[in-house]
1. Among the residues of the stretch 177-226 satisfying the criterion of being under 30 Å from ASP88 (Cα atoms) and polar (S, T, N, Q), which is surrounded by the fewest Cβ atoms within 10 Å (Cβ to Cβ)?
2. Report whether or not TRP282 is closer than 20 Å to GLU54 by Cα and either aromatic (Phe, Trp, Tyr) or away from ligand 3 (no atom under 16 Å from the Cβ) (or both).
3. Could you please give the count of residues in the stretch 50-75 that are assigned to a strand (DSSP E or B) and in contact (Cβ under 8 Å) with a residue 60 or more places away in the chain?
4. Filter the stretch 108-161 for residues that are of a type in the set (Asp, Glu) and closer than 30 Å to ALA295 by Cβ and give the result.
5. Going through HIS343, HIS321 one at a time, which residue ends up being touching a residue at least 40 places away in the same chain (Cβ under 8 Å) and not polar (S, T, N, Q)?
6. Could you check the stretch 127-137 and list, in sequence order, the residues that are surrounded by fewer than 17 Cβ atoms within 10 Å (Cβ to Cβ) and touching a residue at least 24 places away in the same chain (Cβ under 8 Å)?
7. Taking only pairs six or more apart or across chains, which ones have beta-carbon atoms under 7 Å, a first residue in the stretch 149-162 that is in the same structural domain as LYS132 (by TED's automatic domain parsing), and a second residue that is assigned to a loop (DSSP other than H, G, I, E, B) and of a type in the set (A, V, I, L, M)?
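The values are calculated or read from the model by the stated rules, or taken from the named source; none is laboratory data. Because the structure is a prediction, the values reported are computed rather than measured. All Cβ positions, even for glycine, are placed from backbone atoms using ideal geometry, and neighbour counts span all protein chains on display.
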Amino acid sequence: MKFLFALLLSVAVEETRPPFVCRTSEAGVEAFGPPEEGASCPLEGPCDDPLVRETFSLGPHVVPKVVRVRILIFREDDGSNPAASAQDVEREMQQLNEHFAPLRVRFEHVWEFIDDSQFRYTANFPEEIQMKLTYAQFALRRCHVYVTGSSANYGAYPWWPTATGKRGGIVINELPFTTPQAVLTHEFGHNLGLWHTFRGSDEVDPCSECYEGADGAEGDTTGDYCSDTPPTPLHVSCSDPTGSDTCSGLPWGDVQETNFMSYSIGCWSQFTQQQAARMHCWLGDQLATWWRCGADLDDDGDIDRADLEELRLAFGPNPGHPADLDGSGVVDARDARLLIASHRACP
Ligand SMILES: [Ca+2]
Ligand SMILES: [Ca+2]
Ligand SMILES: [Ca+2]
Ligand SMILES: [Zn+2]
């Protein structure tokens, strides 16, 4: 009986939880105005070119990257009512690193409480811009994450002129940050250069040049600019959508609910190869000041014998260890080869 009650309660909680909404694109419209009516599908930078993107596919030449992050947890003026706890920060960052490990991207964070009731709850983008302008420090060097009772969850695309300035970074509401929902993974996807997988049907003009139809024929140059994320409508459940693409009349068919950049939050588990390549490309381009080379294991600015020795000491099954450069869960000769390749390739 007790078990049944707990089960019913958990179902009720599931149903009353607000659906996940991310307002990254709206934040851009607010800051930079709407795209021109009927505008074509302009490239935002070199990484939108599929040929450039492909040069960042995860081969031996793609160096592991450590992205610096500064997390600000807001409290009231008197230090009460924190938006999250130290344990929440550690759990959230560990989860983020697990999700990005196979992509050779790791996040290194510092965090602090900010006691300021003015920003403990925020109602809109302008207030959140004030919060960022007040508290961002060295934004060129690291990505900021603001955790508070915010109006929404959103990141900042790397092609925005403000991406590595004080107005950049991630605003995340305290509710998703304090539950293992992976919203932080989704928002970092935006900051490192990913669109929503449903951009091609939901965030562009219907049937326009940027529209990604159900046939997926122009997948590399429309929608999210990734042909390995299937065309999809905005869709929140974990089963395939019913219905058809109104432009081609074709059914949507088999979409990728498991993608972190979809809205199917309950079944998120993966980024695709092309998404990984886009992120490494943008990290090499607009975001080059945010990261250091992951192969520099002792963080002394050089990749040398001392780093190789650090790697050797970590040999064996070692998931989450910085020396597991390819995120395979095991530190082995493949990681050593990546380290040696990074010796030449790292900036
Ligand atoms: Ca796609
Ligand atoms: Ca070193
Ligand atoms: Ca490995
Ligand atoms: Zn989003």
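1. Per the criteria, the residue is THR179.
2. Yes.
3. Number of matching residues: 10.
4. The answer is GLU108, GLU112.
5. Being touching a residue at least 40 places away in the same chain (Cβ under 8 Å) and not polar (S, T, N, Q) holds for just one of HIS343, HIS321, which is HIS343.
6. Filtering the stretch 127-137 for residues surrounded by fewer than 17 Cβ atoms within 10 Å (Cβ to Cβ) gives 127, 130, 133-134, 137.
Answer for the stretch 127-137, where residues must be surrounded by fewer than 17 Cβ atoms within 10 Å (Cβ to Cβ) and touching a residue at least 24 places away in the same chain (Cβ under 8 Å): GLU127, LEU133, GLN137.
7. Note: pairs meeting the criteria are GLY149/ALA83; SER151/ALA123; ALA152/VAL21; ALA156/ALA163; TYR157/ALA163; PRO158/LEU192; PRO158/LEU287; THR162/ALA156.
Yes or no, residue by residue, for (1) farther than 16 Å from GLU26 by Cβ; (2) not in a strand (DSSP E or B):
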position	(1), (2)
HIS109	yes, no
GLU112	yes, no
GLU127	no, yes
ARG141	yes, yes
TYR146	yes, no
VAL171	no, no
GLN181	yes, yes
LEU184	yes, yes
GLY189	yes, yes
